[in-house]
Amino acid sequence: MSDVEWHSVALAPIVLIHGTETLIADRAVQRLRALAREADPSVAVHDLSGDALGPGALTQVASPSLFGEPRFVLVPELQAAPDTLVLELLEYLKTPEPEVALVLVHRGGNRGKKLLDALKRAGVPRVDASPVKRVGDKQAFVAAEFARAQRRIQPEALVALVDAFGTDLAELAAISHQLIEDSTAEPGEGAAQVSVDDVHALTAGRVESTAFAVADAAIAGREQEALQLLQQAQLAGADPVPIVAAIASKMRSLAKVTAPGASPRSLGMPDWMLRNLSREARHWNDRSLARALETVARADHEVKGAGRDPQWSVQRMVMGICRARRAR
């Protein structure tokens, strides 16, 4: 089984989309359905879910046809498929129908492992729909969203967009589409690249007040700036839990770049991020990093119910990070 990205997956007799990130799975299905219709607008689309999951469901829609018309068959909840369908799929896997594009979506869990193993042995293309966690992967997701709309975004704008909305993939997709719509040119005019100014205008200052900006200031030891940014974020209604999560992510990244042989590939981060963090890491040592990470861990515990005042816990965390840096 060969893994392929959702934004580049091609039609095949059978494609597996596997993972718990619903947005990625849906994007992959949308792309494959669009490719099927592009190849032949008359393609028949079948959704094997709900009432369509009776015995012989797959056989009914995927059997060889007298006229050989193309068919797009989707199984959207493979992990919940009845045993009868699983047995049909195992049999169908031996001789897939060439005029059929069968898309199987498995949203996680151990159910259907026998079928997943058989798909793997058969070398079926697999789209990994695991949760998107790495910054580089989120940036790639946004770039693909713009490419899908045949639009371009400046690299700096892409970075700003992920910094502002990178904690929620669905929100990141929604704001990307909003940017695309708001910057669409009039008929006959060429569409310009989406710029940092476009991102700033839409997010109304949220980019400057994100938890990531707070983290950057704290890691650099700029305590007053970090506390001001934190206050802005809190006044804007930012929840303490994602603020702590974002700062924890930055601190972990800072700790990772101090490892011997750290590289963009091994850490899963862009070159520019590694360079920036490496410059900042020179002002830290193992002891100060450990102290800062301990401060973040305590704040995380408190904002999730162990503390009386979550906002004060976050403020104390920011001051603790700055003081750890100065006391190295």
### Task
Within region 215-244, work out how many residues are outside any helix (DSSP H, G or I), under 22 Å from the mean Cα position of the chain (by Cα) and of a type in the set (A, V, I, L, M, F, W, C).
1
### Query
Hey, which of the helices (runs of 4 or more DSSP H) in region 267-328, taking only ones fully inside, have at least 1 residues that are touching a Pro at 6+ places or on another chain (Cβ under 7 Å)?
271-281, 310-326
### Task
Scan the helices (runs of 4 or more DSSP H) fully inside region 1-101 and keep the ones with 3 or more residues being under 22 Å from the mean Cα position of the chain (by Cα) and touching a residue at least 12 places away in the same chain (Cβ under 8 Å).
22-39
#### Entry: In region 217-245, the residues that are crowded, with 20+ Cβ neighbours inside 10 Å and either farther than 11 Å from VAL314 by Cβ or acidic (Asp, Glu) (or both)
ALA217, ILE219, LEU229
### Query
Are any of the residues in region 280-293 without any contact (Cβ under 8 Å) to a residue 24 or more places away in the chain and touching an Asp or Glu at 6+ places or on another chain (Cβ under 9 Å)?
no
### Query
Are any residues in region 260-293 of a type in the set (Lys, Arg) and either within 21 Å of ARG134 (Cβ to Cβ) or within 27 Å of the chain's Cα centre (by Cα) (or both), and if so, which ones?
ARG265, ARG275, ARG279
### Message
Condition first: in contact with a His (Cβ under 8 Å, 6 or more places away or on another chain) and of a type outside the set (S, T, N, Q). Can you find one or more residues in region 223-239 that meet it?
### Response
no
### Task
Among residues belonging to region 102-119 that are in contact with a strand residue (DSSP E or B) (Cβ under 7 Å, 6 or more places away or on another chain) and assigned to a helix (DSSP H, G or I), point out the one that is nearest to HIS18 (Cα to Cα).
LEU116
### Query
Only one of LYS133, LYS120 is basic (Lys, Arg) and free of Cβ contacts under 8 Å to residues at least 40 places away in the same chain; which?
LYS133
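Any read-out appearing in this document is the output of simple, stated calculations on the displayed coordinates, not a laboratory observation. This one's a predicted model, so the numbers in the text were calculated from it and none came from an experiment. Positions of Cβ are generated from backbone atoms using ideal geometry, with glycine treated the same way; all protein chains shown enter the neighbour counts.
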